[in-house]
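Peer 1: Here it is, the structure, as structure tokens.
The values are calculated or read from the model by the stated rules, or taken from the named source; none is laboratory data. None of these values were measured; they are calculated from a predicted model. Here the Cβ positions follow ideal geometry from the backbone for every residue, glycine too, while neighbour counts run over all protein chains shown.
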Amino acid sequence: MKKALVFTIAAVIGLGLAASAQMGGTWGVEISIDPGATLAGDLFVDLTSSLDVDYTIGDWVFGATAGFDRLGWSSMKFDAAGVLGAFSFTGVMNFLPRTILTATCTYFASATVYQWGTYWTDCWYGDEDYITYTYGAAFDDLTFTASVSIAGVTFEGLFFLNGYAGDASCAPLAFYYNGSTLVQTAGDTTHYLGAAATPTGTGSGFRFTLSGTAGSLEIESLTYFSLTEPWAKVTCGYSLDKKGSGFTVTSCDIGFTEQYFHIDGFTFGCATFEVGLDILCSGFNWIAFGAHDIDLGVWGLIGDFYVKFGTLQKSVDFCLDFDLDVICFDIGVTLDYEDYFVGGFSIDSIVLETALNGVDFTSTTYFDGCISEVYDEANQYTFLKPYTGMKDGALSTSKKIPSIGADYIGYYTAECVKTEYWCVWETLELEVDGDSCCGGAFDFAIETGFGTKYELDAYGWVYQFEEDVAPFGSPPTAETDIYLGYRWLFLEAGDTIPTWAEITGGADVDGDGMVDDLDVIEHLVTTGLTQVAAELLDAGAFYEAATSNSLFSWVYTNVELSIGLGSAWSLTFGAGIDVYGWNGLSFGFEFEF
């Protein structure tokens, strides 16, 4: 396969060189270093390079894009687009020059004694230094579309072929604790952790699209065979539009998967309406109606309303967007309403945008929440929490069993938790576009963030397991055998040695044996006569605001610079520094031909 890939890209480049007037593309290289490195081996961070070649013949454009990083050849894509008669065609084929064939994780080579409650003041779980990989090449996927428009109606056929099952991953690992000894394990004859996770979905499928307009209405029909497509993401409610990418193959056998009808653009009064009808191979799935961009006529208050009807249930979503435009300010406001009663509103953010003679300035301030988080990967602890998904290997691999008992003896997994972070709530951005001294373009951008520092206050977990006493496969009878575990590590300011504490006591109003504050499992999950134990793990870290040691609460500054040397060459520079020091310095160039 490697020889075929090399031959193909060489042929594309060769054809382009034979007729250079019809060939174009770009070549870019970027080298990243860590100015704060204390060892010479840590100075070099990464090297990325991308070569993109396009070759035009008549109405057809053929392209090849190769990506490289410090480990070698990382990506390869071939694409073609053109017109043949009344039909338009596009095709994209992706290869993976480097994919993970095997992965082996090893954290503890032998049994090590630890006092329960010990934590590790670094993050070793998932660290590349503890994982051994073997690499190989693989075909990724192929997407081919053909479309034609007749009398205002567009017909399109899409074929998707997925030949990549995913990178190999480490088999599930746990750490068995017997009261004094901690041992890495993959399970035993009676405690089954499961097999290595392997993504599935190799095979092929089709999507046929029929779309057109009737007045202001946009009508679309999507028919899938052995293929699924995710819905577009929305911030509120649910979307009635498909994403347009991210296809998943259901099987290698071609069969009907889904039929979806969507009508949008019907305007009535102050709102625009849409309807969606979804049908699966099992029959009717749901029908949904939406009304969006409803102008309520009060200070820019806009509403969206959706209702979805299934066979046995109905769901309703109502979203509000409250934007105030004052000169060049954009003020984000949340309306406080409940049970049809409006109690007030709160200002969430203020954005100031202005432009003058090629200079763009943007200021963003969040009053409740973080724009982003900044932390140092070196400031992390490793904690143990109960393993979930344990199965009884002696009886059936489909029967869940508790991973730990009331004495905390059992199987655990690890989690890395940052000990501190900065919540960025304000950013200032300045962008300058102009002409350089050598006939090329000049681009300069600088971004600075300000925020609040937070320190780890406590880390803890709550584990509960509940199953029926009836034999596996029998009808559920009584709910017994409740396993509880509460462990919290407190890291209050001034503690020289963090302490473990058990959470006990509390009210048990419903009398199920669980503290109500931690009572999150209510009953067994059953499917017919097949009993499935209910298992739940809540684990999380709690942080408290700390005293800032940064002037004006400054958190980071990033700079990007591009200087054109004529029309073909450009030099690039990037730098980033934050409260922890240098976090990146890069140099590169881009050549367009």
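Peer 1: Out of everything in region 225-283 that is surrounded by 17 or more Cβ atoms within 10 Å (Cβ to Cβ) and of a type in the set (D, E), what residue ends up being farthest from D141 (Cα to Cα)?
Peer 2: Restricting to residues being surrounded by 17 or more Cβ atoms within 10 Å (Cβ to Cβ) and of a type in the set (D, E), the top hit is E274.
Peer 1: What number goes with the only condition from (1) closer than 24 Å to G290 by Cβ; (2) modelled with pLDDT of 80 or more that D323 does not pass?
Peer 2: Failed condition: (2).
Peer 1: Identify, by number, the condition in (1) among the polar types (S, T, N, Q); (2) at pLDDT below 80; (3) buried (at least 16 other Cβ atoms within 10 Å of the Cβ) that T413 doesn't meet.
Peer 2: (2)
Peer 1: Here are some conditions: (1) at pLDDT 90 or above; (2) closer than 30 Å to G574 by Cα; (3) within 31 Å of the chain's Cα centre (by Cα). A81 meets all but one. Which one does it not meet?
Peer 2: Answer for A81: the failing condition is (2).
Peer 1: Scan region 248-272 residue by residue and report those that are closer than 26 Å to T213 by Cβ and modelled with pLDDT of 90 or more.
Peer 2: E258, Q259, Y260, F261, H262, I263, D264
Yes or no, residue by residue, for (1) surrounded by fewer than 16 Cβ atoms within 10 Å (Cβ to Cβ); (2) part of a loop (DSSP other than H, G, I, E, B); (3) of a type in the set (V, I, T); (4) in contact with a strand residue (DSSP E or B) (Cβ under 6 Å, 6 or more places away or on another chain):
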site: T134; (1), (2), (3), (4): yes, no, yes, yes
site: A137; (1), (2), (3), (4): no, no, no, yes
site: A165; (1), (2), (3), (4): yes, yes, no, no
site: C170; (1), (2), (3), (4): no, yes, no, yes
site: G194; (1), (2), (3), (4): yes, yes, no, no
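Peer 1: If you check G67 against the conditions, is it modelled with pLDDT of 90 or more and on the phi < 0 side of the Ramachandran plot? Spell out the reasoning first.
Peer 2: On the way: modelled with pLDDT of 90 or more: yes; on the phi < 0 side of the Ramachandran plot: yes.
Criteria met by G67.
Peer 1: Test L47 against the criterion of being within 30 Å of L585 (Cβ to Cβ) and at pLDDT below 85, and give yes or no.
Peer 2: Values: within 30 Å of L585 (Cβ to Cβ): yes; at pLDDT below 85: no.
Against the criterion (within 30 Å of L585 (Cβ to Cβ) and at pLDDT below 85), L47 does not qualify.
Peer 1: Any chance region 26-37 includes a residue that's touching an Asp or Glu at 6+ places or on another chain (Cβ under 8 Å) and at pLDDT below 85?
Peer 2: Yes, region 26-37 has at least one match.
Peer 1: Give me the pairs: first residue in region 195-209 and under 17 Å from K243 (Cβ atoms) and among the charged types (D, E, K, R), second residue surrounded by 15 or more Cβ atoms within 10 Å (Cβ to Cβ) and at pLDDT 90 or above, beta-carbon distance under 6 Å, and six or more apart or on different chains, which are they?
Peer 2: R207/L158; R207/Y224; R207/L227
Peer 1: Of all residues being outside any strand (DSSP E or B) and small (G, A, S) in region 264-291, which is farthest from E218 (Cα to Cα)? Just the residue, please. Spell out the reasoning first.
Peer 2: Residues of region 264-291 outside any strand (DSSP E or B): 269-270, 281-282.
Cutting the leftovers down to small (G, A, S) gives us 269, 282.
Details: G269: 18, S282: 27 Å.
Here the answer is S282.
One line per residue, one yes/no per condition, for (1) modelled with pLDDT of 85 or more; (2) hydroxyl-bearing (S, T, Y):
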{"position": "Y337", "(1), (2)": "no, yes"}
{"position": "Y340", "(1), (2)": "no, yes"}
{"position": "S346", "(1), (2)": "no, yes"}
{"position": "S349", "(1), (2)": "no, yes"}
{"position": "T365", "(1), (2)": "yes, yes"}
{"position": "I371", "(1), (2)": "yes, no"}
{"position": "Y375", "(1), (2)": "yes, yes"}
{"position": "N379", "(1), (2)": "yes, no"}
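Peer 1: For region 429-446, what are the residues that are touching a Phe, Trp or Tyr at 6+ places or on another chain (Cβ under 8 Å), in a strand (DSSP E or B) and crowded, with 16+ Cβ neighbours inside 10 Å? Working first, answer last.
Peer 2: Quick first cut of region 429-446, residues touching a Phe, Trp or Tyr at 6+ places or on another chain (Cβ under 8 Å) only: 429-436, 440.
Okay, now just the ones that are also in a strand (DSSP E or B), so 429-435.
The answer is E429, E431.
Peer 1: Of everything in region 294-316, what is farther than 24 Å from E229 by Cβ, exposed (fewer than 15 other Cβ atoms within 10 Å of the Cβ) and under 28 Å from the mean Cα position of the chain (by Cα)? Give them in sequence order.
Peer 2: Passing the criteria: only V316.
Peer 1: Of all residues in region 147-159, how many are touching a strand residue (DSSP E or B) at 6+ places or on another chain (Cβ under 6 Å), more than 16 Å from L227 (Cβ to Cβ) and assigned to a strand (DSSP E or B)?
Peer 2: 5
Peer 1: Of all residues in region 206-224, which are loosely packed, with under 15 Cβ neighbours inside 10 Å and of a type in the set (A, V, I, L, M)?
Peer 2: Result: L210, A214, L217.
Peer 1: What are the residues in region 226-263 that are assigned to a loop (DSSP other than H, G, I, E, B) and under 20 Å from I287 (Cβ atoms), if any?
Peer 2: Here is the first cut: in region 226-263, the residues assigned to a loop (DSSP other than H, G, I, E, B) are 226, 229-230, 232-241, 243-247, 250-255.
Selection gives E229, P230, A232, V234, G237, Y238, S239, L240, D241.
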